[in-house]
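What follows is a short report on a single structure.
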Amino acid sequence: MEFHITEEQRRLQQQSRHLAADFATRAARHDREASHPEENYAALRDAGFYGLNVPTALGGGGVGLLGYSLAAEELAQGCASTALAFNMHLSIVGPVMESPLVPDAVKTRVARMVVHEGKLIAGNFSEPTTSGLVGTPVPVTRARQVEGGYRLSGRKAFASMAEAADYTAVMARPDDATAPTAGMIVLVPRVAAGRRVEAVWDTLGMRATRSDSIILDECWVPDDAMLVRSDDIVSFRRNGANWLWGSYTAVYLGIAVAAYRAIVETVRGRTPPGFAQPLAYHPDVRRHVAEMSVDLEAARLLTYHSAWLSDTEGPTPAALSALYRAKYFVGEAVTRVTRTAMTLGGAHALFKTSPLERLFRDGAVAPVQFPPRDFCLASLGLLELGLDPRDVLPPLRPLRDDAGPVIR
């Protein structure tokens, strides 16, 4: 692994650590209430984080995935929901800035919005019919071109911070499209007529992301709301994997780190009545802590290396393999670490007042969040074996339309 961490990246890491300490003072309340951590989003804006991955030529920070991974790992230790929800902003800004499909004028306009105007953008591609297991890439939401803009109709799911963000980047299929993988991404303002949020987010973990549903009922947006349109929107998603989902990995790494640090502090500070030494001296405790440290170090190296590879190579098969490998392993590691920390914490860790309880619930989301664990392994296997996905039988029998061709 040839990567190294620069002084500039270390400064960003330290800045994120400072922000996380403030976020931690509100994390339990926002989790309990499942409320938007708007104070945290404002702090990130004031710290210049909205433009982190905007190129320096457009006034942004020019931070790559490795630098951001260091930041996200720290932010998640303060408030995992804040780190994950804010990640949705960077996960749409990054691909817009890097994709050759996006016109330069659009990149300049988006850069101005986030860097100079302080606009927060939520990215929302998921729908109620989306399956992370089989990877359904084409949206059901429709965009009908009308005079001066588009009318959007459909239901979007898992729309993190939809009511806190100024805009939501929505993926839709143009009504006039003929290519089976055609799609477009448009910015829908929070106040747009025909847009409403349905509060459905009452979940086990990541409660303060408020990943509710968005209902679009003939929602009108102007022509310049369109960020990108392509007959193969799948290529936009594939080539933007570093930000679209690879950036989530470090958030879950941060949860594991927080659980590890919390339980180490606990076992070092708790001495059972009648004994002269704290629990840290117990051989089972030492073994569990050692196993957690191995998981964490392996997870950290995989995360950093995949980010560095993505930064240096771009969307190559090797970089994509590394991103899948890191996402899979971190998802497994965070569930092991948080579960072990809960076990070592004993009955006290079960209380809602314990950060271990919240970290356990937040960590449980990791293997499910796209790309889920089995999708990571299936995709990684294809890449490692050099197989063409088009030559692989679908995992489920697809529907066929009246003309006969398979709908994928």
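The values are calculated or read from the model by the stated rules, or taken from the named source; none is laboratory data. Since we're looking at a predicted model, the values are computed, not measured. Glycine gets a Cβ as well: all are built from the backbone with ideal geometry, and neighbour counts include every protein chain shown. Heavy atoms of the whole protein, side chains included, go into the accessibility calculation; ligands, DNA and RNA do not. Shrake-Rupley method; radii C 1.70, N 1.55, O 1.52, S 1.80 Å.
I'd like to check something: does the stretch 228-240 contain any residue that is farther than 25 Å from Ala318 by Cα and of a type in the set (A, V, I, L, M, F, W, C)?
Scanning the stretch 228-240 turns up at least one residue that is farther than 25 Å from Ala318 by Cα and of a type in the set (A, V, I, L, M, F, W, C).
Scan the stretch 357-375 for residues that are open to solvent by 40 Å² or more (accessible area, probe 1.4 Å), under 18 Å from Ala250 (Cβ atoms) and either outside any loop (DSSP other than H, G, I, E, B) or touching a Cys at 6+ places or on another chain (Cβ under 6 Å) (or both) and jot them down.
Arg373
So, in the stretch 347-356, how many residues would count as being in contact with a Ser or Thr (Cβ under 9 Å, 6 or more places away or on another chain), closer than 20 Å to Ala83 by Cβ and open to solvent by 60 Å² or more (accessible area, probe 1.4 Å)?
Within the stretch 347-356, residues that are in contact with a Ser or Thr (Cβ under 9 Å, 6 or more places away or on another chain), closer than 20 Å to Ala83 by Cβ and open to solvent by 60 Å² or more (accessible area, probe 1.4 Å) number 0.
Let me confirm something: among Val138, Val96, Val146, which residue is in contact with a Lys or Arg (Cβ under 9 Å, 6 or more places away or on another chain) and open to solvent by 10 Å² or more (accessible area, probe 1.4 Å)? Walk me through how you get there before you give the answer.
On the way: Val96 fails: open to solvent by 10 Å² or more (accessible area, probe 1.4 Å); Val146 fails: in contact with a Lys or Arg (Cβ under 9 Å, 6 or more places away or on another chain).
Just one listed residue meets the conditions, Val138.
Limited to the stretch 376-402, what total is found for residues that are of a type outside the set (Gly, Ala, Ser) and assigned to a helix (DSSP H, G or I)? Before you say what the answer is, go through the steps one by one.
Taking the stretch 376-402 first, the residues of a type outside the set (Gly, Ala, Ser) are 376-377, 380, 382-385, 387-402.
Adding the requirement that they be assigned to a helix (DSSP H, G or I) leaves 376-377, 380, 382-385, 389-391.
Going through the stretch 376-402 one residue at a time, the tally reaches 10.
Of the residues Gly194, Gly246, Gly183, only one is at pLDDT 95 or above, under 20 Å from Ile121 (Cα atoms) and open to solvent by 20 Å² or more (accessible area, probe 1.4 Å); which? Can you show your working first?
Values: Gly246 fails: open to solvent by 20 Å² or more (accessible area, probe 1.4 Å); Gly183 fails: open to solvent by 20 Å² or more (accessible area, probe 1.4 Å).
Of Gly194, Gly246, Gly183, the one residue that is at pLDDT 95 or above, under 20 Å from Ile121 (Cα atoms) and open to solvent by 20 Å² or more (accessible area, probe 1.4 Å) is Gly194.
Which residues, taken from the stretch 155-183, are under 18 Å from Tyr41 (Cβ atoms) and in a loop (DSSP other than H, G, I, E, B)?
Ser160, Met161, Ala162, Glu163, Ala164, Ala165, Asp166
Return yes when Val234 is open to solvent by 10 Å² or more (accessible area, probe 1.4 Å), touching a residue at least 60 places away in the same chain (Cβ under 8 Å), part of a helix (DSSP H, G or I) and of a type in the set (A, V, I, L, M, F, W, C) and no when it is not. Quick ask: steps written out before the conclusion?
Details: open to solvent by 10 Å² or more (accessible area, probe 1.4 Å): yes; touching a residue at least 60 places away in the same chain (Cβ under 8 Å): yes; part of a helix (DSSP H, G or I): yes; of a type in the set (A, V, I, L, M, F, W, C): yes.
Yes: the conditions hold for Val234.
Looking only at the stretch 7-37, count every residue that is crowded, with 17+ Cβ neighbours inside 10 Å and hydroxyl-bearing (Ser, Thr, Tyr) and tell me the total.
1
Can we say Arg151 is of a type outside the set (S, T, N, Q), in contact (Cβ under 8 Å) with a residue 12 or more places away in the chain, within 23 Å of Asp231 (Cα to Cα) and assigned to a strand (DSSP E or B)?
On the way: of a type outside the set (S, T, N, Q): yes; in contact (Cβ under 8 Å) with a residue 12 or more places away in the chain: yes; within 23 Å of Asp231 (Cα to Cα): yes; assigned to a strand (DSSP E or B): yes.
Judged against the criteria, Arg151 is a match.
Conditions: (1) under 29 Å from Met97 (Cβ atoms); (2) open to solvent by 20 Å² or more (accessible area, probe 1.4 Å); (3) not in a loop (DSSP other than H, G, I, E, B); (4) not hydroxyl-bearing (Ser, Thr, Tyr). Lys327 meets all but one. Number of the miss?
(2)
Scan the stretch 376-399 for residues that are at pLDDT 95 or above and surrounded by fewer than 11 Cβ atoms within 10 Å (Cβ to Cβ) and jot them down.
Listed by number, the residues that qualify are Leu385, Gly386.
For Thr108, state whether it is assigned to a helix (DSSP H, G or I), hydroxyl-bearing (Ser, Thr, Tyr) and open to solvent by 10 Å² or more (accessible area, probe 1.4 Å). So that I can check it myself, show each step before the final result.
Working: assigned to a helix (DSSP H, G or I): yes; hydroxyl-bearing (Ser, Thr, Tyr): yes; open to solvent by 10 Å² or more (accessible area, probe 1.4 Å): yes.
Answer is yes for this residue.
For the subset of the stretch 111-135 comprising residues that are modelled with pLDDT of 95 or more and outside any helix (DSSP H, G or I), which member is surrounded by the most Cβ atoms within 10 Å (Cβ to Cβ)?
Ranking the candidates gives Ala122 first.
Only one of Leu253, Leu244, Leu302, Leu296 is touching a Lys or Arg at 6+ places or on another chain (Cβ under 7 Å), of a type outside the set (D, E, K, R), touching a residue at least 24 places away in the same chain (Cβ under 8 Å) and farther than 27 Å from Ala159 by Cα; which? Show your work before the answer.
Details: Leu253 fails: farther than 27 Å from Ala159 by Cα; Leu244 fails: farther than 27 Å from Ala159 by Cα; Leu296 fails: touching a Lys or Arg at 6+ places or on another chain (Cβ under 7 Å).
Unique residue meeting the criteria: Leu302.
Just to be sure, is Ala256 at pLDDT 95 or above, among the aliphatic types (A, V, I, L, M), out of contact with any Asp or Glu (no Cβ under 8 Å at 6 or more places or on another chain) and on the phi < 0 side of the Ramachandran plot? Full working, then the answer.
Working: at pLDDT 95 or above: yes; among the aliphatic types (A, V, I, L, M): yes; out of contact with any Asp or Glu (no Cβ under 8 Å at 6 or more places or on another chain): no; on the phi < 0 side of the Ramachandran plot: yes.
For Ala256, the condition - at pLDDT 95 or above, among the aliphatic types (A, V, I, L, M), out of contact with any Asp or Glu (no Cβ under 8 Å at 6 or more places or on another chain) and on the phi < 0 side of the Ramachandran plot - is not met.
Given the residues Ala256, Ala262, Ala298, which is the only one that is over 21 Å from Glu357 (Cα atoms) and aliphatic (A, V, I, L, M)?
Numbers: Ala256 fails: over 21 Å from Glu357 (Cα atoms); Ala262 fails: over 21 Å from Glu357 (Cα atoms).
Of the residues listed, the single one that is over 21 Å from Glu357 (Cα atoms) and aliphatic (A, V, I, L, M) is Ala298.
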